[in-house]
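The values are calculated or read from the model by the stated rules, or taken from the named source; none is laboratory data. No experiment lies behind these values; they were computed from the predicted model shown. Note that each Cβ is placed from the backbone with ideal geometry, even for glycine, and that neighbours are counted across all protein chains shown.
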Amino acid sequence: MTKWRLPLGRLQRKVLLVVTVIVIVPMLAAGWLASEWVASSFEQRLERWIMDAARASQNWLQAYQNDADMLGRVLADDKAFVARLQRRPDEDSMPTPVRRIAQELGVHLFQVYTPDYKLIYSSIPIEMEALWESGQTEAVLKVVRKNKSMLAAVGITPVPHDGAPRFYLVLGSLLGQDFTNELAQFTGLKTRLYYREGHNYYDVFSNPDQAVALRSLTADALRHLEKDQKPYYSLMAENGQFRGLYTPIVDTTGRVEGIMFSGLERRGFHDVLTNRIVLFLLISLVGVVIGGLTGLLLSRLVLRPIEYLRDGVMQLSGQNFNASVPIQSADELGDLAKAFNAMAARLRAAHDEQAQRFRKDKLTAMGELSAALAHEIRNPIGVINTSSALLEKSAGDPGKTAELVRMIREESLRVSDLVQDFLQLSRHRQPAFAAIDPVQPMERALNTALAGKNNIAVSKQLDHDGAEIMADAGLLQQAWGNLFTNSLQAMAGRKGELRLSARVDGDHVQLSVEDSGSGIAAEIMPRLFEPFFTTKEEGTGLGLTIANTLVEANGGRLEAQLPEKKGARFTMRFPVYKRAQA
């Protein structure tokens, strides 16, 4: 009879046995401890998450009641409103400002009751299933609207505050299935809202046909909610379908008026992470597999082939794409060496292709830029040629001669400005970096741009707290000059306003200018910094391109942003080099 053995060498079997004794056995003990810790920690995290989410849901509901109670007290203190209410209690006498506030807060239910709870006015046609109890100022009540059951979170305000009430103001918000759906989307938990009716609690949302009574809580748990008025957490909530929290909704009189449930559905993944036995088996299985694989890996004599591979990778990381690894075996390591050599060959080919593509892209960009420049120069040169030809024929007309000379001069200056801008774009000088106050270049450029202009108002909000940047002040002044020129042209000589701001945003200084011009259309925003792109009848389309190039050369970023009022807004951002000493 042949004895079965693992297809391993003697050294491999020895290493595997050692790893089994040294690694796997202690791993089993560690697996039990880890399962205990993971299960308890995960359960605690789930409970903390559910409690935090439930608190957010309760605050959301409480906000409706607080807003309604606040508006009720405002109306009760309004003497004019009280007077109108006494004259005509059966009509909407809510002041317009208060009505607007109510709409913003989502308070759309406004009712007036007599002291004996008789309804005399309602802003929404609804039917109350049950009214509030004496002394309550907040309540969650069941109502019916258009044959649909809903809840109303309301605030009850007696009018007047002191003495016997002559009316009750009931303001609130209607809560339907959409409300619980919003809470579920907001918190990620299942939300149910139970309103109180006598000694029982009902949910009107889970079943559209009838109210569902809360029966999953024990008497002790219900007593804990009503008397202690503290949340109750259950691992088997809602008949074992959820792990969740029952939170009492308490009005200002200390009475529990409802219960909000926030729960996480019990699913296989959560149960696995909280089951200690299952976790132990999974961790042990993983430990056994890892231990066995580790033993097999260490049992292979792979030191020398690994050294060859390491040397090849180091050469490749140094961008030596001619690196190769010797192939000394026909096993997996040999395949790895072959794959490495093939990868190095592909990287070498890709590097060469990328270099060729880069050269091609440079030539293409140069051609496009040259074509755009030629197009811009051709028009003024055509005007110059035509004017020169007409000038030869108008020797006897001094007025026409002067006009043609003026046209030649203006078009010549236009060509000169275009060539100057093009040279500035292609050959701007390298920045002479120094620590500077970023506001100084902006203010110098502003003074230059506004020289002789009295129709521009300037407002400043400089809150950068003396922070400094590393940049070339002269180049930044030139960039700001281009921006201010555009802003002044956008205001077209009219009375306008420039709003300057500077502030520290984290590790950056942000400087902005906003004008009161006609603004920038949204569809052209992506092309603002494109060379030769302009919407002006006269202009080279290089001003913003040059400004962007100068800002980037100084380590910053130029952005076109949405204005706070109207017009156009441009912002420069630079890293903070030095902050002011406190």
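Miscellaneous remarks
- Within the range 202-228, restricting attention to residues that are assigned to a helix (DSSP H, G or I) and without any contact (Cβ under 8 Å) to a residue 24 or more places away in the chain, the residue that is nearest to Val143 (Cα to Cα) is Leu222.
- Every residue from the range 182-213 that is under 21 Å from Trp132 (Cα atoms) and of a type in the set (S, T, N, Q): Asn200
- When the test is whether a residue is under 23 Å from Arg444 (Cα atoms), at pLDDT 80 or above and surrounded by fewer than 16 Cβ atoms within 10 Å (Cβ to Cβ), Gln489 passes it.
- Odd one out for Ser134, checked against (1) under 28 Å from Gly254 (Cα atoms); (2) over 41 Å from the mean Cα position of the chain (by Cα); (3) part of a strand (DSSP E or B): (3)
Here's the yes/no breakdown for (1) at pLDDT below 85; (2) surrounded by fewer than 19 Cβ atoms within 10 Å (Cβ to Cβ):
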site: Met525; (1), (2): yes, yes
site: Leu528; (1), (2): yes, no
site: Glu537; (1), (2): yes, yes
site: Leu542; (1), (2): yes, no
site: Thr549; (1), (2): yes, no
site: Glu552; (1), (2): no, yes
site: Gly555; (1), (2): no, yes
site: Glu564; (1), (2): yes, yes
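- Checking each residue in the range 435-463 for being modelled with pLDDT of 90 or more, over 11 Å from Leu500 (Cα atoms) and surrounded by 11 or more Cβ atoms within 10 Å (Cβ to Cβ) picks out Ile436, Asp437, Pro438, Gln440, Pro441.
- Qualifying residue in the range 318-327 (condition: modelled with pLDDT under 70, out of contact with any His (no Cβ under 7 Å at 6 or more places or on another chain) and over 30 Å from Pro26 (Cβ atoms)): no
- Criterion: within 18 Å of Asp67 (Cβ to Cβ), surrounded by fewer than 20 Cβ atoms within 10 Å (Cβ to Cβ) and of a type outside the set (Asp, Glu) - qualifying residue of Ile156, Ile101, Ile126: Ile101
- Restricting attention to the range 567-582 and to residues that are under 18 Å from Ile436 (Cα atoms) and part of a loop (DSSP other than H, G, I, E, B), the residue that is modelled with the highest pLDDT turns out to be Val576.
- Conditions (1) under 22 Å from Tyr168 (Cβ atoms); (2) under 31 Å from the mean Cα position of the chain (by Cα); (3) part of a helix (DSSP H, G or I); number of the one not met by Val107: (3)
- Taken over the range 550-566, residues that are in a loop (DSSP other than H, G, I, E, B) and touching a residue at least 40 places away in the same chain (Cβ under 8 Å) amount to 7.
- The requirement of being at pLDDT below 70, polar (S, T, N, Q) and touching a strand residue (DSSP E or B) at 6+ places or on another chain (Cβ under 8 Å) is not satisfied by Thr274.
- Put simply, of Leu141, Leu174, Leu183 the only residue that is of a type outside the set (D, E, K, R), in a helix (DSSP H, G or I) and assigned by TED's automatic domain parsing to the domain that holds Leu245 is Leu183.
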